[in-house]
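The values are calculated or read from the model by the stated rules, or taken from the named source; none is laboratory data. Since the structure is predicted, the reported quantities are computational estimates derived from the model, not experimental observations. Because the Cβ atoms are built from the backbone with ideal geometry, glycine has one as well, and the counts that use them run over all protein chains shown.
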Amino acid sequence: MTKLAAPLRTAALLAAGGLALSACSGVQNTAGGSGGGDTYPTGSVEMLVGADPGGSSDLISRAVSDGLGNELDGSFPVINRPGANGALAAGELENAEPDGSTIAIQNASLFAITPLAVPEDEATSIDDFDVVGGVSRDDYVLVTNADSEYQSLEDLEGAGSLRYGTTGVGTGSQLAQALLFGDLGVDATDVPFDGGSPTLTAVLGGQVDVAALQIGEAIENVESGNLTPLMVFGPERVEFLPDVPTATEEGLEVEVAQYRFMTVPTGTPSEVTDRLTEGMEATFATDEYQAFNEQNSLTPMEISGDEVVAQLEEDRERYAGLIEEYGINLGDAS
Amino acid sequence: MDVNAFVEGFGVVLQPSNLLFCLIGVLIGMFIGVLPGLGPAATIAILLPVTYTIEDPVTVVIMLAGIYYGAQYGGTITSVLLRLPGEASSVVTVFDGFALAKKGKAGTALGIAAIGSFTGATVSIILMSLIAPLIAGWALGFGPPEYAALALLGVLLVATVGNGNALKALITAAVGLLLATLGRDSFTGTERFTFDSLQLADGLNFVVIAMGLFGVAEILHNLEQRAGKAQPPAVVGNVWPNKAELKQSSGAIGRGSVIGFVLGVLPGGGAVLASLVAYAAEKRRAKDPSRFGRGAIEGVAAPETANNAAATSSFIPLLTLGIPANASIAMLYAALLIAGVRVGPSLVEDNPDIFWGVINSMYIGNLFLLLLSIPLVGIFVRLLRVRPAILAPLTALITVLGVYTLNNSVFDIFVMMFFGVVGYLMKKTGFEPGPLVLAFVLGALVEDNFRRSMLIFGGDPLGFFTRPISATLLVVFVIVAVLPLVKLVLDRRTAALAHDNSKREDVTL
C-alpha cells in the first residue's frame, strides 16, 4: 500500500464507524409533531426508557415500540436514559414538547413507592404527565431457598429473626417485604441489592433467608425446585404460578403491585393520544405481543389512562398509610 | 458431561448458517469493541428486532454471544493505540499496551493480546465444558462478605499497578475511592455529593471517567507537545510478536487463563478483578518489576488473557442457573426468552442443543477472531501513521460520541471533559490515572458489599472470619499488606546493625 492510501483507508474506516454510531444512537432531527394535520406520527417518535438495556422495563418498551411502529406505520426508537430509578427519563419527558414526539412507558413504583424513600423535592408526580393507558403488571413473588428451614409463611412467622433480600431502596420488593414483616411482627433485617439478579443469587446462595423477586426473575428456579414460592403480592393469583396464593388470600394487608403505563407530557393533543391508544390496542391484540407477555411472565393490564391514575393515587395513599402504621422507614424521606 | 450432546452441539455449530451468523456476530462485536461507549448490551438491544426474523434460537444466541466476546477483542485495540479503555476490564491493558505502542511496538502488543485472548477464552471454554455446574455452585457460595474481602484485596493490588511511585498511586487510589461515594446511597436513598442534581443521583459512570482521564488527557497532552511543531507520525515497527516475546508471555497467558476463568464466574466486577489480579501476579513474579508500566509484554498478555477468559466463564451463571452476570448477558437472556427458550437450571436437560451449541460456538468464534486479528492488527496499527493533526480531532470525536451513546446524556460529555483536564494536570504532575479508575470501580464493590455483609452478620465484623472464603481472602489481604512493611523494618534493622558493627570496628581500630 502506498503511503497516501494508508491514512485514507483508516480515515474512511473511522468515518464509517462514526456514521454507524450516530445511526445506532438514535439521534433524531425530525420532530414527530402532528401540527400539520397529518396523521400521527409524522416523524420518528422517541420512546424514553429510564433503565439500562436488558431489564424488563427496557424489553417491554421495545416490544411496544415494535408494535406501535407496525400498527401506526412510523418509527418509535427506544432511547435508554437510565438513572435515579427512572426519574431522569421522567424529567426529560416532562420537559419535552407536548406534540407526541417524545413518549415513555413508566413504572408505577416511581410514582407510588420511590416518593416514600427519597426527599420530597426529588419525588416524581404523576400530575406532570398525561397517562395514555396501562400496559402490564409485573408481580412480585416471595421466595425462599428450597434447602432452607423456611418453607411456609408459618415458618417465617415463627422465625426469631430474618434477613430479607430486596432489589433496592424504593422498590416494590422492599416495600412489600417491609410491610409483610411489619404485619407478621417478625424481626427482619432489610438487605438491599442492586437489582434482581444479585438478589436471586443471594437467596440461592443462602446469604438471605427470603426475597421478593419479579415473577420473570424467579420462575426458572421455582420450576426447577431451587426456590420455594410462598405467596405473590399482586391483587390476584398469577397465571404463571397458579398454585401460589396471594397475600390477601393469606389474610395479609400487604398488596403491592408493579405495573407500567404509557405516558406523554401534559398538554399533548388528544389526536396524538387517541392514535397512541389505537396503536397500543392493536399491538396488544397481536400474537407476538401476547407471546412476549407470556415468555416474560407479565400479566396484561390494558386499562384506560384515568384508571391508571386512580390506581396510582390509591396505591400511594394506601402505602403511605401502611408504612406509617408499621413505623417503617424505607429511606431517609421521613 | 454428556459426550453425545457435546458432539451433537458441534454438529449444530458447523451448520453453514450457524457458522455464518457466528462470523457476523464476532465481526460486529469486534467493530463495536473498537468504538468506545457503544457496548455489546446496547448493540444487542438494537439488533433485537432482527433476531425475531431468525427461526432457530440457537442461531440467534450464537450470533449474540459472538457480539459479546468479539467486543472484548475489539476493546483492546483502542486501549493500546489511543489510550482509550472502553471497559473497566481493559484499563489495566493500557499501562503497558500504550507504552509499547509509543515504542513503535503496537503490533507486538495487539498480537500478543490476540493470542492471549484466544488462549484464555479457549482454556475457559474447555474448563466450562467440563466443570460448569461445579463452578456455578462455588459462585453461589460467593456472597457479599466474599465480594467485600476480594474487592478489598483488589484495592490493595491497585497500588502495585503502574510505574509511578507508590505514594502517588495511593493518593490517586484514595481519590478514586472518594469519587465512588458520589450518588444516591443504595441503602438509605440519601443523596451524597449530588448537589441536588438528578444527573448525579446514580454517581459517576466508569467509562466517562476513564475516557476523560486517559483519552482526553492524552489528546490535551499531545496538543501541548506538538504545538507549533510539524510532527512526524509515530514509528510503526514490527506487526507480530517474535518467538522470544511469545516465550516471555507464555507463563502470563497460562496464569491469566486460570485466574480469568475462576474470577469471571462471579457476577458484577469479576472481569475487572481478573485483569487486575492477573497483572499484579505477573508484576510480583517478575525478576525486574520496574519494567511494568513501561512496556512489559506480560503486562498486556496477562490482563487480556484474563478478561477474555472471564468473559467466557461469565456465561456459566446464565447457562446453569439462569442468572445473567452483566447487562450484555441479560440482553442475551432476553433475546432467548423472545425466541421462546427459557434459560435456567434445566437448560442442559431441556435444550441440550442450545447449551452445547452456545458453548461450542465459542471455540469456533474465538478461532474466527484470532484469524481476523492477523490482517486487522496490521490495518489498525497503521492508524498511528495518521498525522496527529487529523488523528487528534478524530479521537476527540470518537470519545465524545462514545460517551454520549452510553446513556444518551450530554451531561456525561461535560463530566468527561472535566476529567480530561484533571487527567492532563495529573500527567503534568506525575500522577497516574490507573489507580484512580480502578479504585473507583472497586470502591463501590467494597462499600456496598461491606455494608450488606454487616447487615447479614447483624453488625458483627467477626462474621467475616466465620466463612472460609472470606476468612482466607482477608488473611491473604493482611499478608500482602503487612509483608512489605515487615520487610522494610527488617531491611532497616540489618542496615542499622551493619552500621553499628562498622562503628565498633572503627573504635577497636
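Among the residues of segment B:63-76, at least one is free of Cβ contacts under 8 Å to residues at least 60 places away in the same chain, closer than 25 Å to B:Ser250 by Cβ and buried (at least 24 other Cβ atoms within 10 Å of the Cβ). Against the condition in contact with a Ser or Thr (Cβ under 9 Å, 6 or more places away or on another chain), crowded, with 22+ Cβ neighbours inside 10 Å, farther than 18 Å from A:Ile126 by Cβ and more than 7 Å from chain B (Cβ to nearest Cβ), how does A:Ala63 come out, does it pass? Yes; evaluated as a whole, the condition is true for this residue. Looking at segment A:217-334, the helices (runs of 4 or more DSSP H) lying wholly inside it that each contain 3 or more residues that are under 30 Å from B:Pro345 (Cα atoms) sit at A:287-295. The condition of being at pLDDT below 90 and either of a type in the set (Phe, Trp, Tyr) or not assigned by TED's automatic domain parsing to the domain that holds A:Gln174 (or both) holds for only one of A:Ile303, A:Ile328, that being A:Ile328. When segment B:318-328 is limited to residues that are at the interface with another protein chain (Cβ under 8 Å from one of its Cβ atoms) and part of a helix (DSSP H, G or I), the one that is surrounded by the fewest Cβ atoms within 10 Å (Cβ to Cβ) turns out to be B:Ala327. Checking B:Thr172, B:Thr181, B:Thr194 one by one, the residue that is at the interface with chain A (Cβ under 10 Å from one of its Cβ atoms) and β-branched (Val, Ile, Thr) is B:Thr194 and no other. Just one residue in the set B:Gly463, B:Gly430 is part of a loop (DSSP other than H, G, I, E, B) and either in contact (Cβ under 8 Å) with a residue 24 or more places away in the chain or not assigned by TED's automatic domain parsing to the domain that holds B:Asn165 (or both); that residue is B:Gly430.
This table checks each residue for (1) in contact (Cβ under 8 Å) with a residue 24 or more places away in the chain; (2) within 12 Å of chain A (Cβ to nearest Cβ); (3) over 19 Å from A:Leu200 (Cα atoms).
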residue: B:Glu304; (1), (2), (3): yes, no, yes
residue: B:Ile316; (1), (2), (3): yes, no, no
residue: B:Ala330; (1), (2), (3): yes, yes, no
residue: B:Ala339; (1), (2), (3): yes, yes, yes
residue: B:Pro345; (1), (2), (3): yes, yes, no
residue: B:Asp350; (1), (2), (3): no, yes, yes
residue: B:Gly365; (1), (2), (3): yes, no, yes
residue: B:Leu371; (1), (2), (3): no, no, yes
residue: B:Arg382; (1), (2), (3): yes, yes, yes
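When you check B:Val358 against the structure, is it assigned to a helix (DSSP H, G or I), modelled with pLDDT under 90, within 23 Å of the chain's Cα centre (by Cα) and in the same structural domain as B:Ile126 (by TED's automatic domain parsing), yes or no?
Yes.
Residues in segment A:186-235 that are touching a residue at least 12 places away in the same chain (Cβ under 8 Å), surrounded by fewer than 24 Cβ atoms within 10 Å (Cβ to Cβ) and of a type in the set (Ser, Thr, Tyr) were compared, and the one that is nearest to A:Val141 (Cα to Cα) is A:Thr228.
Before we move on, is B:Val377 within 14 Å of chain A (Cβ to nearest Cβ) and touching a Phe, Trp or Tyr at 6+ places or on another chain (Cβ under 7 Å)? Even if it seems obvious, please write down each step before you answer.
Details: within 14 Å of chain A (Cβ to nearest Cβ): yes; touching a Phe, Trp or Tyr at 6+ places or on another chain (Cβ under 7 Å): no.
Criteria not met by B:Val377.
Among the residues of segment A:284-329, those that are within 14 Å of chain B (Cβ to nearest Cβ), among the hydrophobic types (A, V, I, L, M, F, W, C) and under 26 Å from A:Pro192 (Cβ atoms) comprise A:Leu298, A:Ile323, A:Ile328.
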